[in-house]
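Novice: Sending over a structure as structure tokens; questions will come in a sec.
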Amino acid sequence: MALKGQKTTTGFIQWNELTNLVLKLHRDGEYKFSLLIGTGAFTGLRISDVLSLTWNQLLDKDVIELHEKKTGKFRKIKINQDLQTLVLSNYKSMGEPSVETLVFVNKYGTKQINVQWVNTKLKEIFTKYSINTENPSSHSIRKSFGRKIWQLNDYSEKSLVLLSELFNHSNIQITKRYLGIKEKELFDVYDSLSL
């Protein structure tokens, strides 16, 4: 978390590193964080929205429906097949809790885990699994989603417009800053064009 009046830039994680981390966490019995990172990576949701999800919003669903905590806007987010598989696998590994309960609860099962604890735990996980990123936090997952979408769409302006809409940014300049797009990367787009 940044000090008041000071900006801190959170880095992103390369997609293959992030998805490998999800699989390694599941393998190592860290089901809650395997699912947390996977859900964030495949949906691009803010951590506050990921933490508010219940099992019945995820299990056997094609779409997550929710009102964003920050904006209050209603959203529908497609759950792709890989995320559906991850949800079901972790649900079973976590002992098939009641579908009415929150997915990400504290160790006592009494309340939702908080963002500060998630960020602390993510820093530990990133260190343990040698994930290098600038100022690691839950925001790194959302940024990684954005960078992957931008990459999959050939670093196009159209993808930035779509991401701006997905992230509920007021314009694509904010999205560019958010994703940390540097001038060199923008110039590389021009160099990639050919006849």
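Novice: Quick one: which residue in L186, L122, L195, L179 is at pLDDT 95 or above and among the hydrophobic types (A, V, I, L, M, F, W, C)?
Specialist: L122
Novice: So for the stretch 78-100 (the condition being of a type in the set (K, R) and under 18 Å from the mean Cα position of the chain (by Cα)), does at least one residue qualify?
Specialist: yes
Novice: Can I ask one more? List every residue pair whose Cβ atoms sit under 7 Å apart, with the two residues 6 or more apart in sequence or on different chains, where the first one lies in the stretch 175-195 and is of a type in the set (V, I, T) and the second, anywhere, is assigned to a loop (DSSP other than H, G, I, E, B) and surrounded by 10 or more Cβ atoms within 10 Å (Cβ to Cβ).
Specialist: These pairs meet every condition: T175/F167; T175/H169; V189/Y155.
Novice: Looking at the stretch 34-56, is at least one residue open to solvent by 20 Å² or more (accessible area, probe 1.4 Å), in contact with a strand residue (DSSP E or B) (Cβ under 6 Å, 6 or more places away or on another chain) and of a type outside the set (F, W, Y)?
Specialist: The answer is yes; a qualifying residue exists.
Novice: Now for a different question. Residues K70, K4: which one is within 16 Å of the chain's Cα centre (by Cα), at pLDDT below 95 and open to solvent by 80 Å² or more (accessible area, probe 1.4 Å)?
Specialist: Among K70, K4, only K70 is within 16 Å of the chain's Cα centre (by Cα), at pLDDT below 95 and open to solvent by 80 Å² or more (accessible area, probe 1.4 Å).
Novice: For the stretch 138-195, which fully contained helices (runs of 4 or more DSSP H) count at least 2 residues that are closer than 26 Å to V115 by Cβ?
Specialist: Result: 138-152, 157-166, 172-179.
Novice: Being part of a helix (DSSP H, G or I) and crowded, with 19+ Cβ neighbours inside 10 Å is true for just one of T85, T19. Which residue is that?
Specialist: T19
Novice: Listed residues T120, T127; which is within 26 Å of K70 (Cβ to Cβ) and part of a helix (DSSP H, G or I)?
Specialist: Unique residue meeting the criteria: T120.
Novice: Within the stretch 91-108, how many residues are assigned to a loop (DSSP other than H, G, I, E, B) and open to solvent by less than 50 Å² (accessible area, probe 1.4 Å)?
Specialist: 4
Novice: Right, here's the next one. Check the stretch 166-176 and report whether any residue there is farther than 22 Å from E134 by Cα, surrounded by 13 or more Cβ atoms within 10 Å (Cβ to Cβ) and among the β-branched types (V, I, T).
Specialist: Yes: the stretch 166-176 contains one or more residues that are farther than 22 Å from E134 by Cα, surrounded by 13 or more Cβ atoms within 10 Å (Cβ to Cβ) and among the β-branched types (V, I, T).
The values are calculated or read from the model by the stated rules, or taken from the named source; none is laboratory data. Since the model is a prediction, treat every value here as computed from it, not as a measurement. Note that each Cβ is placed from the backbone with ideal geometry, even for glycine, and that neighbours are counted across all protein chains shown. The accessibility values were calculated without ligands, DNA or RNA, using every heavy atom of the protein model including side chains. Shrake-Rupley method; radii C 1.70, N 1.55, O 1.52, S 1.80 Å.
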